Structure formats: C-alpha cells, structure tokens
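Note sheet for the following structure.
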Amino acid sequence: MSNTTLFPLLREGEPPAAAIERPEGRSPFILLADHAGQRIPAQLGDLGLPAGEIDRHIGWDIGSLATAQRLSQYLDATLIHQCYSRLVIDCNRTPGIASSIPEISEHTRIPRNIGVTVEEAQARRAEVFQPYHDLITQTLNQRRDSGLPTVIISMHSFTPSFKNISRPWQIGTLFNRNPAFALQLVALLRQEDSLNVGINEPYAMTDATDFTLPFHAEQRQLPYVGIEIRQDLITQQDGQEQWAQRLARVLPQTLATYNHSK
C-alpha cells in the first residue's frame, strides 16, 4: 500500500479538525473530548482497516461526545472536541511517540499507519492535532484574560473488558499533579448508588501517556479531572442522559467543596 500523500492532508470541503460548542458558556467548567470523532481524511482512505473496525473503541471513545454534549447543555459549559479519529493522530499523546500514530491498536494492525513518512506525520500533527490544541489554548487564554475561573473536565470512555479481563468500574477518574479536585469528585461519586469509582483506573495519567491535561491544566495550575465512563453505560441515549445529569449535579458540588477547602 502506498503511503504517498498529497498535502495539505485535509481537502477542501472536509470538516476542520476541532469543533467548539457553547463558546460563550457561562460555566466555569470547560469540557474536552480528545477522542470524540471517528472521521478519517479522504486521502487516507480507510487506513487499511477492515469494515467496521473504525466503529470500535480503537477508532474513538464510544459515547463520550454525546455524553459531553448533554453535559455541556446542562452546565452551559464550553465544549471543545476533536472531529477525526484517534487513529489518524491521537490528540492525547505527545506527537512523535509510538502511540501518537499507532501502527497497532489493541490487537489490530493499522496498515496505513505503518511506514508513515516524516512529512506525513508532520501534516497529521499540523492539520489535525495542532488545531484542536490551539483552540483549547485560545479559549483558556480568553478566559484568563477575562478573569473567568476555569476547571477542565476531559471526557473519555473505556471498554467493559480488556484482554478478556472485566473492568468493574462504572467510572474512572484520572489525574496526576494537583489531585485535590479529582479526589473531591471521587468522594462525592462514591456516595452515588454504590458506584465503583476508579482512581487512576482503568488508566493512570502520566506525562508519558497523556498530553491534554498535563499541557493545558497542570501547566496552568488549573483544577481538572479526566473522566472515563464505561462504554456499555453510555452507548445508548438513555445512559448518556443519565450520566450527563449525574455529572451536571455532582461537578458543581465538587467545585463548591473544592473552593471552600482552599
């Protein structure tokens, strides 16, 4: 398979890499969805994947965008999300590392990502990764300059099992430095219907594996949390609605307690 790509990567008429909803939202919460989309630029075809593979978790975080959109509505919160698949370039990975443009995701080979040239990798970064993070940076700068408080909530989802091992958590919370907000959220979530709440489960947030929150939240010393919801709970509209309502109730409570404790 040829990896010859004409540049620019995105053709005229294709959607921009990043989208923003409720840019004038009055909430202190800013919602981010790194893996919201599953689109592939036309020039890259189907990345050599068999039919249906892009619809699996390897292609996007199932249910994360719909849940984030409902949550954005309930909170009147700005939402910024990526429109292209994480298999084009992962917007929550530092460019240049192996998982940024993965050749294998879980057990699936991504043929069109094998042997990607330096020029093409740079194009994917410039046209898909960078516009998303530039939009986040611009939004955060505007809020800072306007004196608006900001709490960053990064929305993801995870598979019910991994390598044939069931994952017991309904929701996971991810953080590294500045854990106070996330831990307060954990405390409140654990009062909700006997939820099994993961602390840095099913993933742990590190500088080596994550980009968005270390770069945008930790460097600015903003309160934040990464939220992972198990996909079987938010595949359908009723589950998305239930989780959006829950988070719309619990996140403001978390912020109030967090602010009171400072």
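The values are calculated or read from the model by the stated rules, or taken from the named source; none is laboratory data. A quick note: this is a predicted structure, and the numbers were derived from the prediction, not measured. Positions of Cβ are backbone-derived with ideal geometry, glycine not excepted, and every protein chain shown enters the neighbour counts. These area figures cover heavy atoms from the full protein model, side chains too; ligands, DNA and RNA do not enter into them. Shrake-Rupley method; radii C 1.70, N 1.55, O 1.52, S 1.80 Å.
Observations on the model:
- Extreme residue, nearest to residue 160 (Cα to Cα), among residues of segment 223-262 that are in a loop (DSSP other than H, G, I, E, B) and open to solvent by 40 Å² or more (accessible area, probe 1.4 Å): 235
- Filter pass, residue 198 being small (Gly, Ala, Ser), under 22 Å from residue 99 (Cα atoms) and touching a Ser or Thr at 6+ places or on another chain (Cβ under 8 Å): no
- With respect to the stated conditions, residue 212 fails to be under 19 Å from residue 92 (Cβ atoms) and either open to solvent by 20 Å² or more (accessible area, probe 1.4 Å) or of a type in the set (Lys, Arg) (or both).
- Exactly one residue out of 31, 71, 49, 79 is of a type outside the set (Gly, Ala, Ser), assigned to a loop (DSSP other than H, G, I, E, B), open to solvent by less than 40 Å² (accessible area, probe 1.4 Å) and out of contact with any Cys (no Cβ under 6 Å at 6 or more places or on another chain): that is 49.
- Residue selected from segment 82-117 under the condition under 16 Å from residue 64 (Cβ atoms) and free of Cβ contacts under 8 Å to residues at least 60 places away in the same chain, by the criterion most open to solvent (accessible area, probe 1.4 Å): 86
- Yes/no for residue 22 being touching a Gly at 6+ places or on another chain (Cβ under 9 Å), touching a residue at least 40 places away in the same chain (Cβ under 8 Å) and not aromatic (Phe, Trp, Tyr): no
- Flag for residue 218 being over 18 Å from residue 67 (Cβ atoms) and either at pLDDT below 95 or of a type in the set (D, E, K, R) (or both): yes
- Residue tally, condition under 18 Å from residue 158 (Cα atoms), open to solvent by less than 50 Å² (accessible area, probe 1.4 Å) and of a type outside the set (A, V, I, L, M), over segment 170-205: 7
- Look at segment 118-138: where a residue is touching a residue at least 60 places away in the same chain (Cβ under 8 Å) and under 17 Å from residue 42 (Cα atoms) and a partner is hydroxyl-bearing (Ser, Thr, Tyr) and open to solvent by less than 10 Å² (accessible area, probe 1.4 Å), sitting 6+ places away or on another chain with Cβ atoms under 7 Å, you get 128/84.
- Residue count for segment 52-68 satisfying the condition of being charged (D, E, K, R), outside any loop (DSSP other than H, G, I, E, B) and crowded, with 23+ Cβ neighbours inside 10 Å: 0.
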